[in-house]
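Working notes, structure below.
The values are calculated or read from the model by the stated rules, or taken from the named source; none is laboratory data. Just so you know, these numbers come straight off a predicted model, no measurement behind them. Here Cβ is always computed from backbone atoms with ideal geometry, including for glycine, and neighbour counts include all displayed protein chains.
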Amino acid sequence: MAFFPALDVDNADSDLVLAVVDDYSPTAIEEHHEHDGALTIFFSDPAARDAAIEAVRRAIPTARTTAREVDDEDWARRSQEALGPVTVGRVVVAPPWAVPDLPTLPAPPALPALPAAPALAALPALLVIRPSMAFGTGHHATTRLCLAAVQLLNLTGTFVLDIGTGSGVLAIAARLLGAEGAFGIDNDPDAVQCARENLALNPGVNRVRFELGDLTSPRSFDNAGLWVARGLEPLRPADVVMANLTGALLCRTAPALANAFAPGGALIVSGLLAEERDAVVAAFQPLDLVWEVEEDGWVGLGFARL
Ligand code: SAH
């Protein structure tokens, strides 16, 4: 089991402590709200932690400091529990223990007989995602970029394909934002399991499915034919494809992704770094680049086939 070098600090002004330890590249900070001014600070190696202890003792002689090794699981669990809701436009992604009390929009009917009242369209779309090993709590810039991009589209009546669904966050959000249905695939069985569990945490959301699938396997990914061949819904090509992967994988699979959505639809990609941006845009050359945003060195791109 891995251990993380940590430092407990007590009896000192938290802001001052954080300013002092900042030079030693802390990897995470845990504030103990139940005990004012107490902090646990994590470092990537014991040397950095030990140097930070010296610095805190020098700068704040009254501070009580304790070096500690925190086991892997304990840290993962506790840092996850500290996670709160994330808001991107109308979308609010909340862990089960911090669901805000908001007037929210239920998932729309699959085939709306009447257009949604404009007032309803402004209500937040709240989804519950349990932080786990599956990527996609909303705390990473690339997830937020995809959530921002998809809100620029009118999803009413559309079918959304989410490739590399992780926690399922993008597929569930798309359905809440008006898509008629959403389908998430991932090549990691644990992610598919997590996505299904997350769907169950959102009982108002129907017409969302998660299946094991690999984007790089031509047999399992062949435009909409994939879903037809495997007897899965839906029997139509996607209107919107979302793929939050990596720059290298996007470049390699660009032809498949570019063919995965119907004309008039859109492709949203992220997971690429700013320095990979040009290569990814070039790989999707036949499509029109219609949206681009960078956050924390990560890039989100939106393509259309006009
Ligand atoms: N869509 C989520 C998760 C993105 S993380 C979000 O935006 O937050 C990327 C996910 O892609 C991971 O869950 C990973 O398992 C999956 N993935 C990586 N390679 C893949 C492939 N070849 N086919 C399908 N999924 C893949």
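General remarks:
- Boolean, ILE172 is within 16 Å of the ligand (Cβ to nearest atom), at pLDDT 95 or above and more than 11 Å from the chain's Cα centre (by Cα): yes
- Strands (runs of 3 or more DSSP E) wholly inside the stretch 70-168 containing at least 3 residues that are within 14 Å of the ligand (Cβ to nearest atom), at pLDDT below 80 and polar (S, T, N, Q): none
- Count of the stretch 259-291 residues which are within 20 Å of LEU155 (Cβ to Cβ) and out of contact with any Lys or Arg (no Cβ under 6 Å at 6 or more places or on another chain): 13
- Close pairs (6 angstrom Cβ cut-off, 6 or more residues apart or separate chains): more than 15 Å from TYR24 (Cα to Cα) and surrounded by 14 or more Cβ atoms within 10 Å (Cβ to Cβ) in the stretch 43-72, modelled with pLDDT under 90 and aromatic (Phe, Trp, Tyr) anywhere: VAL70/PHE4
- Within the stretch 141-181, the set of residues being within 24 Å of GLN193 (Cβ to Cβ) and of a type in the set (S, T, N, Q) comprises THR142, THR143, THR165, SER167.
- Evaluation of ILE163 against (1) under 14 Å from the mean Cα position of the chain (by Cα); (2) without any contact (Cβ under 8 Å) to a residue 12 or more places away in the chain (one fails), failing number: (2)
- Each residue in the stretch 175-208 was checked for being assigned to a strand (DSSP E or B) and within 14 Å of the ligand (Cβ to nearest atom), and 6 of them qualify.
- Unmet requirement for GLY184, which otherwise passes all of (1) surrounded by 24 or more Cβ atoms within 10 Å (Cβ to Cβ); (2) on the phi > 0 side of the Ramachandran plot: (2)
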